[in-house]
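Data block below; observations after.
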Amino acid sequence: MKRQIPLLIAMIAGFVMIVAYFIPYTVSWGDTVIVWFDVLAAIAFVLGGGNLLKVHLKKTSDQVPGWGYSVITIVAFVIMLVIGLGKIGVNPAAKYPEFAWSGKFSEMGSPFWWLYEYVFKPLQATIFSMLAFYVASAAFRAFRAKNIEAILLLATAFIILLGRTAAGPALTGWFPDAIEGLEADKLTSYLMTVFNTAGNRAIMIGIALGTASVSLKILLGVERSYLGSGEE
Amino acid sequence: MNRFLIVSLTASAIALAGPPQQTAIAQEAKPAPPSNLTATDHPWDNGEVLDLAWDAPAGGNADGEYFILRTVAKVGDQIVTHDFKIIDSAPGDATSIGVEVKHHLKRAAVRQLGDRIDFEAILATGEYKFTVGYLFQIVSVNADGVRSSPAQTAEIAYATMQPFDLGRLALLCVTIILCGAVIFWIRRARSGKPIKVRKIAGLEAVDEAVGRATEMGRPILYVPGIQDINEIQTIASMTILSHVSKTAAEYDAKVEVPTSKSLVMTTARETVQAAFLAAGRPDAYNKDLIYYVTDEQFGYVAYLQGMMVREKPAACFYMGAFFAESLILAETGNSIGAIQIAGTAMPAQLPFFVAACDYTLIGEEFFAASAYLSGSPEELGSLKGQDVGKVFVALVLIIGVLMATAGSMLDSPAIKEAVEYLKNTLLT
Amino acid sequence: MNKSNRLWVILFIIGAVLVAGRMLISQSLIGKAYVQAVPVNADEENEDHKWTLYEQSSQTKFNEAVLEDPNQTKYLFSFSRTIGVWIAALLTIFVLSFLIRDNPLYKFAESIFIGISAAYWMVVGFWSTVVPNLFGKLSPDMVRDWAMPGLGIDERVELMYIVPLVLGLMLLWILSPKGGWISRWPTAFIIGVFCGLRLITFIHADFLSQIRNGIAPLWMVDSSGSFDFWESLRNVFLIIGVLSCLVYFFFSFEHKGIIGKTAKLGIWFMMITFGAAFGYTVMGRIALLAIRLEFLFDDWLWLIDPTGKRLEAVISMLGLF
């Protein structure tokens, strides 16, 4: 029973959504459940946040090596959560000064904004920027793998890179008219509109088929591993 | 209600859009106007289209075109002033067109109603949905750009909604074909007929990766992507996690699943617990190995790359929806010498996984992984069903391309029209 | 202290000395933040309803204002934001240090990032989803009196939103010692709903539209009506590419013989596709790094001045002496 009911819920919910897609009166249900999901995901933060605290509190109390970092995480988490939920240091909205809670939680100048601006944002941007190094090392690795697939990948990447920067026209602009089509920027546009389009098209069709098949298997209960064992 | 400016329909003088000088010049060579303009609700739709039809002017208008003008004439029981605006055009040889009408008012029409804010609030309640009535005009425009006097619809037209959207009939048929094929092959497999599928290298390597982790006494890292459980790739990832953790339970290896979403954490726990039970090792299940890190994409990545360098997992699985972090993960995994198997349906991230991982499941292969790993006949049957879908695609593409080529070579309008019908009616 | 720790300490000291040296050269131009005070007068009669907002400003504006009136209070040096710039710069360096190897500074930045970001998204989820989309729908009057006075007066109670509330509570039931299985119901509901929704939308949007866009004549004519070889070749490549990639994805046949050769062609097409996407991304990634370095060397240390704003500040300062 503990497994049958969820299976039935998934099946009914899924097929209702499929049928609703064809009925003008119910076609907007898709948008409604997306909002519901957002609410549900926000409620589920309690589980995630609780787990985060639990993991790091346990590390701290067990004094596992590096437990000091767990203390830092807990302190950062609790401070950010309290000043954010409490709107600490946030002025009311100028339009509604008599409502103390009406200000924006991320108002400029508030402690929450400060932590976002000077801690969150730089960290986020720096991690993202590390990709520049990883792109280089990945290209280097592909370069060493001497099979035809890797060569195709790297050669295409190189041509596109040339075509999208000033280096392309500078290096290949002198090509005579007969092989004009091989100039880096022309080749780039050809590669993008022909090969890239063809490959992506087939991949997208495959993804759509895969999505449909996985969804159907879940709705029919063929695939049910996500529901757990049915035990407590 | 009094705040709405009420103007009688009949009393309104209708001025055509367009600069006055042009009208003055046009006085002499004005083309004849079309006649009998009617607007009727488009049948079997979601109530957003009105069909216009008219008779061509005497002498025809084949060289010119038509301009369609529209105004909101009535909202609920409120009558509104006319403010005809050009909304569409039709070729000179046409005598009908479908025009889209959304159930909200254009700014100009609302302003005429006096109090814009309040009116929008009322509209937002949905009270006036499908009660917005429209009037249309049509003018013929000759090859010199001179406009005729307008012909107008006699009655206010309303768009209404029907219980089925006929425009989606072709979609319904395609859905039935695709799903039917999958169901047919699942049933066939259930009846015991043998199912043969080709090998996929990345999936053959799963056992090897888990085995290696066991030998080395190091953990397995499983990253289910950064999207929530409402993303089909995350759901597919859970089904793969089930098999990976079952194999790990059999080998007695440790699987660590850090997640970036709370709901993914709870679902992954259910999945892994069930897998350990199925492997006969329920006691070995440790829910603390499946934990939440942070919802922030790069915070999650910062944790993962640090963790990978410190714990040095022997095998890394990246299965799910990934964005820019794909390469950070795959390159870090590479630097610690882990066996890496990735699978995603994000076309933009596939290049990075292909370049940096040992095996990559591309798009549809990723969705097929769970069927392969389970090895159950009904799951494998579903893959055959997907192949039927691909045959369908290939057939439609080949027929469509051949038709389009024939239409282009023979310059045949009939074939071209058939191709247009295929593309714009059947395949939308 | 082992060898690697010693190395880190030395590196850290060198860095600190360099920064200190940089400060000694021109202390007034390194990583300082200035603000402009904007008084907010929400209610003329009530003193409690007056406060000041501090918007980001520049050193140039501050200098100019001081030059005009030494006692001005409109442009101010912001201690908290100056500290902010320094913290941001140090965290940036801590993270980049990971590229050399894992180290305590990176671990410190990582721990802070996890804590701050997890809480950040929870706060965002609460104020921008739970409050307007749950409380605001179930009890608009309460929310209007509390946090969203701008909420429309016509906003009605939408009982439908009890569904996500109940599902959410069922989900949280997992925390209780007994009956945790009930949390599978909302999970099943969500997975079922989205499987249905994705199934149909993927067939509609991706599947059909990709087939539709794939239908193109192999015999192209140009505007003058004559055969266009290059355009035709383009379409021939397109259709061959799509079909061969589809063959690669076939599960029913082993990749042998003619199928194997076609699938191989499909792989080549896909490798070119991937290469194109790879090449397309590289420049963007390098730009991201450039922005970070610009922050360090311009906003913080002023070792470079690409926008000329530092020079501007120096010129504006000349009048002060």
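Return the residue satisfying two criteria in turn: it lies in segment C:151-209 and is in contact with a Lys or Arg (Cβ under 7 Å, 6 or more places away or on another chain) and not aliphatic (A, V, I, L, M), and of such residues it is nearest to the other protein chains (Cβ to nearest Cβ).
C:W181
Against the definition (of a type in the set (D, E, K, R) and over 30 Å from A:L8 (Cβ atoms)), how does C:R198 come out, yes or no?
On the way: of a type in the set (D, E, K, R): yes; over 30 Å from A:L8 (Cβ atoms): no.
Spelling it out, it is not the case that C:R198 is of a type in the set (D, E, K, R) and over 30 Å from A:L8 (Cβ atoms).
Please give the number of the condition B:S382 fails out of (1) among the hydroxyl-bearing types (S, T, Y); (2) surrounded by fewer than 22 Cβ atoms within 10 Å (Cβ to Cβ); (3) under 25 Å from the mean Cα position of the chain (by Cα); (4) assigned to a helix (DSSP H, G or I).
(2)
So C:V247 ticks every box in (1) at the interface with another protein chain (Cβ under 8 Å from one of its Cβ atoms); (2) touching a Lys or Arg at 6+ places or on another chain (Cβ under 9 Å) but one. Which box is left unticked?
All conditions are met except number (1).
What are the pairs with Cβ atoms under 6 angstrom where one residue, in segment B:395-417, is in the same structural domain as B:V174 (by TED's automatic domain parsing) and the other, located anywhere, is in a helix (DSSP H, G or I) and among the small types (G, A, S)? Sequence gap at least six, or different chains.
Short answer, once both residue conditions are applied: B:L397/C:G214; B:I415/B:A406; B:I415/B:G407; B:K416/B:G407.
Looking at segment B:134-163, I want the residues that are more than 16 Å from B:A90 (Cα to Cα) and have a partner that is of a type in the set (S, T, Y) and part of a loop (DSSP other than H, G, I, E, B) with Cβ atoms under 8 Å, at least 6 apart or on another chain. Which pairs are those?
B:Y134/B:Y158; B:L135/B:T153; B:Y158/B:T131; B:M161/A:Y25; B:P163/A:Y25
Being at pLDDT 90 or above, within 30 Å of B:L169 (Cα to Cα) and either surrounded by 20 or more Cβ atoms within 10 Å (Cβ to Cβ) or not assigned by TED's automatic domain parsing to the domain that holds B:P150 (or both) narrows it down to one residue among B:L50, B:L69; which is it?
It is B:L50.
If you go through segment B:160-177 one residue at a time, do you hit one that is crowded, with 19+ Cβ neighbours inside 10 Å and of a type in the set (G, A, S)?
no
Pairs only if they're at least six apart or on different chains, beta carbon under 6 angstrom, first in segment A:144-170 and facing chain C (nearest Cβ under 8 Å) and in contact (Cβ under 8 Å) with a residue 24 or more places away in the chain, second of a type in the set (F, W, Y) and surrounded by 14 or more Cβ atoms within 10 Å (Cβ to Cβ); list them, first residue then second.
Matching pairs, first to second residue: A:I160/C:Y280.
Quick one: what pairs do we get from segment C:236-263, first residue under 17 Å from B:A368 (Cα atoms), second of a type in the set (D, E), C-beta under 6 Å, 6+ apart or different chains?
Cβ pairs passing all conditions: C:F249/B:E364; C:F250/B:D387; C:F251/B:D387; C:S252/B:D387.
Does C:G84 fit the bill of being on the phi > 0 side of the Ramachandran plot and either assigned to a loop (DSSP other than H, G, I, E, B) or within 14 Å of another protein chain (Cβ to nearest Cβ) (or both)?
no
Looking only at segment C:13-60, count every residue that is among the charged types (D, E, K, R) and surrounded by 17 or more Cβ atoms within 10 Å (Cβ to Cβ) and tell me the total.
2
Yes/no per residue for (1) in contact with a Pro (Cβ under 6 Å, 6 or more places away or on another chain); (2) under 27 Å from B:E311 (Cβ atoms); (3) part of a loop (DSSP other than H, G, I, E, B):
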| position | (1), (2), (3) |
| --- | --- |
| B:P351 | no, no, no |
| B:A355 | no, yes, no |
| B:A369 | no, yes, no |
| B:V401 | no, no, no |
| B:T405 | yes, no, no |
| B:S408 | yes, no, no |
| B:V419 | no, no, no |
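Identify, from the list C:K137, C:K50, the residue that is modelled with pLDDT under 95 and in contact with a Phe, Trp or Tyr (Cβ under 6 Å, 6 or more places away or on another chain).
After ruling out the rest, the residue left standing is C:K137.
Could you tell me whether any residue of segment A:47-66 is more than 7 Å from chain C (Cβ to nearest Cβ) and acidic (D, E)?
Checked segment A:47-66: at least one residue is more than 7 Å from chain C (Cβ to nearest Cβ) and acidic (D, E).
Among A:K186, A:K217, which is within 8 Å of another protein chain (Cβ to nearest Cβ), out of contact with any Leu (no Cβ under 9 Å at 6 or more places or on another chain) and either without any contact (Cβ under 8 Å) to a residue 60 or more places away in the chain or of a type outside the set (A, V, I, L, M, F, W, C) (or both)?
A:K217
For A:I43, which of the numbered conditions (1) buried (at least 21 other Cβ atoms within 10 Å of the Cβ); (2) under 30 Å from C:K32 (Cβ atoms) fails to hold?
Going through the list (1) buried (at least 21 other Cβ atoms within 10 Å of the Cβ); (2) under 30 Å from C:K32 (Cβ atoms), A:I43 breaks only (2).
Let me confirm something: among B:S408, B:S370, B:S376, which residue is in contact with a helix residue (DSSP H, G or I) (Cβ under 6 Å, 6 or more places away or on another chain), facing another protein chain (nearest Cβ under 9 Å) and either under 25 Å from A:K217 (Cα atoms) or buried (at least 18 other Cβ atoms within 10 Å of the Cβ) (or both)?
B:S370
Does C:M142 meet the test of being at the interface with chain A (Cβ under 10 Å from one of its Cβ atoms) and at pLDDT below 95?
Working: at the interface with chain A (Cβ under 10 Å from one of its Cβ atoms): no; at pLDDT below 95: yes.
So C:M142 fails the test.
Working only within segment B:305-323, note down all residues that are more than 32 Å from the chain's Cα centre (by Cα) and either part of a loop (DSSP other than H, G, I, E, B) or more than 10 Å from every other protein chain (Cβ to nearest Cβ) (or both).
Kept after step one, since they are more than 32 Å from the chain's Cα centre (by Cα), are these residues of segment B:305-323: B:305-315.
Within segment B:305-323, B:E311, B:K312, B:P313, B:A314, B:A315 meet the criteria.
Read through the list (1) more than 8 Å from every other protein chain (Cβ to nearest Cβ); (2) surrounded by fewer than 20 Cβ atoms within 10 Å (Cβ to Cβ); (3) under 26 Å from C:H204 (Cβ atoms), then give the number of the only condition that B:A414 fails.
Result: B:A414 fails condition (3) only.
If A:G103 satisfies all but one of (1) facing chain C (nearest Cβ under 8 Å); (2) crowded, with 19+ Cβ neighbours inside 10 Å; (3) more than 29 Å from C:D102 (Cα to Cα), what's the number of the condition it fails?
With (1) facing chain C (nearest Cβ under 8 Å); (2) crowded, with 19+ Cβ neighbours inside 10 Å; (3) more than 29 Å from C:D102 (Cα to Cα) applied to A:G103, the lone miss is (1).
The values are calculated or read from the model by the stated rules, or taken from the named source; none is laboratory data. Being a predicted model, the structure only gives us computed values, none of them experimental. Neighbour counts are summed over all protein chains in view; Cβ atoms, including those assigned to glycine, are modelled from backbone coordinates with ideal geometry.
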